[in-house]
There are 2 protein chains.
Amino acid sequence: MATFSVFDTQMMSRAIQLARLGQYTTRPNPCVGCVLVLNGKIIGEGYHHKAGQGHAEVNAIADAKAKNHSIKGATAYVTLEPCSHYGRTPPCAEGLIKAEVARVVVAITDANPQVAGNGINMLKRAGIEVEVGLLEEEALTLNLGFMKRMQTQMPWVSVKVAASLDGKTALSNGVSKWITTTAARKDVQKMRAKHCAVITGVDTVIADNPSLNVRFDELGSVKHSHDEADIFQPLRVVLDSNCRVTPEYQLFQINSPILLVSTKDYPAQIKQQFPAHVSFLQTTTDAQGRVCLKTLLLHLGQSCNSVMVEAGATLSGSIISQQLADELVLYQAPKILGSEGRNMLNLPDYQTMENLPNLTLKDKRNVGHDTRFMFRLG
Amino acid sequence: MATFSVFDTQMMSRAIQLARLGQYTTRPNPCVGCVLVLNGKIIGEGYHHKAGQGHAEVNAIADAKAKNHSIKGATAYVTLEPCSHYGRTPPCAEGLIKAEVARVVVAITDANPQVAGNGINMLKRAGIEVEVGLLEEEALTLNLGFMKRMQTQMPWVSVKVAASLDGKTALSNGVSKWITTTAARKDVQKMRAKHCAVITGVDTVIADNPSLNVRFDELGSVKHSHDEADIFQPLRVVLDSNCRVTPEYQLFQINSPILLVSTKDYPAQIKQQFPAHVSFLQTTTDAQGRVCLKTLLLHLGQSCNSVMVEAGATLSGSIISQQLADELVLYQAPKILGSEGRNMLNLPDYQTMENLPNLTLKDKRNVGHDTRFMFRLG
């Protein structure tokens, strides 16, 4: 494996910082940043803003040219392997070759089978020195959904739970307003804005009547750095095995895509009552007669890099116990709801500690008075 | 209220730091520290080590004299009002008067009815300037148990719980080894060493067969700053309403005081099977036919500044729901035990958020991989 200098690391850190600027807007494309350096100075910077627009390398080259810098002999730091295929834009590897860079440092290779090493090979064949693996974990963290989908055709699955210190999401009578603070609920808005889809269950729709949309006004700092038109609304997915949902819920009043998922077909006269932004998916049933979650996720994997589960204890628990979840995001309020409250995740009756879900803590921070934990699962 | 300078605050901080050195050894006396200052320089320091030995002021005066400093005209910073009564030592107020200090700064007045302002008045009558209230919260925190007992005849009650992120203390089959890490278990040893008594229930004794003692080897840093002989063993209190416990449990093998608490008298032939370090208390019953917790705490208040509850969900939950607990110390492990696991506290079926136990977070820190929360209750 290549060894990198402190300067290399600083430059790649900057490229990652740039890539992160696209985290709300690039999907279904990955977030990518690029820094061009000549004689120890940054001569150009760029990142990928939006699908259909310039890639990071193209933007960095344009930036350098706009500043009248010569790029010949430069080093390019790129957070993801430069692409090698003709998509909506010409291959970035070709752009770097034409710009006559001398060296390319790459954080991670692309998991996209259309690229997967081809970009690097194209550069090497052109006599460019290529080094791979600098800050790879940081670069990967930015594109967990994209990377997983390219490798498995399944989206990255984050389960979000808001609970008390004793793991309860509501009192026994269902009262749950408000366990967490406004700060945590705003943070959930940002989380929604980052995900391609939000999955919930029909019982949550009936009990809480949520909108499950992204509210631009509640996006905090994101609001100041983005135009409202650039922020995606996640696809709202409702699991409704037995076709129980009706069009009067709040969800349907907001004109952005909804997918209703059931195990049987909705009757035609019911279907036509829903607005045009609602579509339908019929799946196979699981052992409990409910929507087969794996089938659903494979379907969503056709278009979604990542999905967020905002559901009750049964659906969230099923996704975890069926080992379909990649991440658990827990907002924990410093409250005790008591033993009679509702449990946060319905999980099997484990008999040994070895059988418990395997959690790896990735991040833990205060969000208002609450604590946000991010765990990897599996 | 008096206003204090930055220098005053620095000196009182030092006095509190000194007081803290006695936190494992002074009981049933309070922790007290004293700093003597003349012309902007510390000339003597002292703290109370152990009941029956010199008080903080006496030790600070002796320290100044040993260093050949003249004390006349000095300022004394004391974390607790100097005592005014003849106990095992002469009154400290008198000592300060004899030493001819010019000014005394006190963090908190003594809650002991034998002192309660008398010490301050004694100093004032001797023409000494006295100011009260500097860093009072910090000084109070050091002596929560002593202050509460003096004011109410009840000990400070800390409930300790070790649970998972979803508020479970064990799997449904009782398996609980180990939810928290060694670091958390060592921290519990320090907590035991600070408390005058540890309360548990007979079901915990039967299920887990704990020793409930302080193990000097597991005290970490305390081990290096104290002699083993100076560390107290807490009184071990077992609630055994129906006289079910028998002498073969681990608890009884360790020769330090145990109190068995029941609602009826143990038969004479059973009593005599227990070793000499076991004593018995019979209390009234509560509405559920169990030991009346308030009666027990009033009894313990005769000798204990603070008690720690290390019990199952029923006893710990009862102490909280009966509003007898002052503090909840929660060691939270980053694990999910699942909805079928055992709840950490058996509490009433609350119907509104307003009825929940009122928690105020006082401290939150990492202990190994676990998080320790300290909450005030009520």
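Just the number, please: Stokes-Einstein D of the range A:235-378 in µm²/s, Kirkwood Rh from C-alpha pairs, 4 °C, 1.567 mPa s.
Here the translational diffusion coefficient equals 74 µm²/s.
Take the alpha carbon gyration tensor of the range B:321-377, find the square roots of its eigenvalues, order them as a ≥ b ≥ c, and report rounded if a/c is under 1.5; if not, report prolate when a/b exceeds b/c, else oblate.
oblate
Considering only protein heavy atoms, with the full assembly of protein chains and a 1.4 angstrom probe, order B:K124, A:K41, B:K271, A:K168 by accessible area, largest first.
So, going from the largest accessible area down, we get A:K41, B:K124, B:K271, A:K168.
Find the chain A residue whose Cβ sits closest to the rotation axis that carries A onto B, and give that distance in whole Å.
Whole-Å result, nearest residue of chain A to the axis: A:G167, 2.
For the interface of chains B and A, what total accessible area is buried with a 1.4 Å probe, rounded to the nearest 100 Å²?
By this definition, chains B and A bury close to 3100 Å².
I'd like the accessible area for B:F280: 1.4 Å probe, protein heavy atoms, all chains in place, Å² to the nearest 10.
60
Taking only the C-alpha atoms, wrap a convex hull around the range A:71-223 and report its volume per residue in Å³ as a whole number.
169
Stretched out fully, how many nm does the piece from B:N68 to B:T3 gain, at 0.36 nm a residue minus the Cα gap?
Stretched out fully, the B:N68 to B:T3 stretch lengthens by 20.2 nm.
A:L281 label points, 7 Å along Cα→Cβ, one per copy: pairwise distances from this copy to the rest in nm, shortest first?
Copy-to-copy label distances at A:L281, shortest first: 6.2 nm.
Could you give the size of the charge dipole of chain B about its Cα centre, using +1 on the Cβ of each K and R and -1 on the Cβ of each D and E, expressed in debye and rounded to the nearest 20?
Roughly 420 debye, rounded to the nearest 20.
Among all the lysines, which ones have a C-alpha under 26 Å from B:K72's C-alpha, if same-chain residues fewer than 8 places away are not counted?
The reachable lysines, counting only those whose Cα sits under 26 Å from B:K72, are B:K41, B:K98, B:K124.
Keeping all protein chains in place and using 1.4 angstrom, which order do B:S256, B:S225 fall into by accessible surface area, from largest down?
So, going from the largest accessible area down, we get B:S225, B:S256.
Can you give the translational diffusion coefficient of the protein assembly as shown in µm²/s, computed by Stokes-Einstein from the Kirkwood radius over Cα pairs at 4 °C and 1.567 mPa s?
Answer, rounded: 42 µm²/s.
Just report the Cα centroid separation between the range B:78-155 and the range A:311-334, whole Å.
Distance between centres, Cα-based: 54 Å.
I'd like the mean, over residues of B:166-175, of how many other protein chain beta carbons sit within 10 Å of each residue's own Cβ.
Per residue, the number of nearby Cβ atoms from other chains is 5 on average.
Compute the whole-percent fraction of alpha carbon pairs in the range B:175-216 spaced more than 14 Å apart.
56
Taking a label point 7 Å out from Cα toward Cβ, give me the nm distances from B:K264 to the same spot in the other copies, shortest first, one decimal.
Nearest to farthest, the other copies are at 6.0 nm.
What is the calculated FRET efficiency for A:F232 to B:T182, with r their C-beta to C-beta distance and R₀ = 45 Å, to the nearest 0.05?
Calculated value: 0.45.
Please report, for A:R20, the nm distances (one decimal) from its label point, 7 Å out from Cα along the beta-carbon direction, to the equivalent points in the remaining copies, shortest first.
3.4
When Rg is the radius of gyration of the Cα atoms in the range A:179-298 and Rh is its Kirkwood radius, what does Rg/Rh come to?
Rg divided by Rh gives 1.00.
Rule-of-thumb check for the range B:203-250: C-alpha Rg over 2.2 N^0.38 Å?
The reported ratio for this selection is 1.48.
Quick one: net charge of A:S316's neighbours, Cβ under 10 Å, K/R +1, D/E -1?
With Lys, Arg at +1 and Asp, Glu at -1, the neighbours total 0.
For every helix of n ≥ 4 consecutive DSSP H residues, a contribution of -39,500 (n - 2.57) applies; sum these over chain A, divide by its total residues, and give [θ] at 222 nm rounded to the nearest 500 deg cm²/dmol.
For chain A, the value works out to -7500 deg cm²/dmol.
Going by accessible area, probe 1.4 Å, with all protein chains left in place, what is the ranking of B:L298, B:L18, largest first?
From most exposed to least exposed: B:L298, B:L18.
What is chain B by shape, rounded, prolate or oblate, if you read a ≥ b ≥ c off the alpha carbon gyration tensor as root eigenvalues and call it rounded for a/c under 1.5, prolate for a/b larger than b/c, and oblate otherwise?
Taking the square roots of the gyration eigenvalues as a ≥ b ≥ c, chain B is prolate.
Between helix B:182-194 and chain B, what is the angle of the helix's C-alpha long axis to the longest principal axis, kept within 0 to 90° and rounded to the nearest 10?
60
Report the Cα centroid-to-centroid distance between the range B:1-27 and the range B:339-357 in angstrom, as an integer.
39
Per residue, how big is the convex hull around the C-alpha atoms of the range B:1-149? Give it to me in cubic angstrom, could you?
98
Which angle between 0 and 90 degrees, to the nearest 10, do you get for helix B:56-66 versus the longest principal axis of chain B when only C-alpha atoms count?
The helix B:56-66 is inclined about 40 degrees to chain B.
Looking at chain B, which Cys residues are left with no other cysteine's beta carbon under 4.7 Å from theirs?
Lone cysteines by the Cβ rule: B:C31, B:C34, B:C83, B:C92, B:C243, B:C292.
Using a 1.4 Å probe and ignoring any ligands, DNA or RNA, find the accessible area of B:W178 and quote it in Å² to the nearest 10.
130
If you wrap a convex hull around the Cα atoms of the range B:123-170, how much volume per residue is inside, in Å³?
116
The values are calculated or read from the model by the stated rules, or taken from the named source; none is laboratory data. If you're wondering where the values come from, they're calculated on a predicted model, not measured in any experiment. With ideal geometry, Cβ positions are generated from the backbone for all residues, glycine too; neighbour counts draw on all protein chains shown. Surface areas here come from the heavy atoms of the whole protein model, side chains and all, with no ligands, DNA or RNA. Shrake-Rupley method; radii C 1.70, N 1.55, O 1.52, S 1.80 Å.
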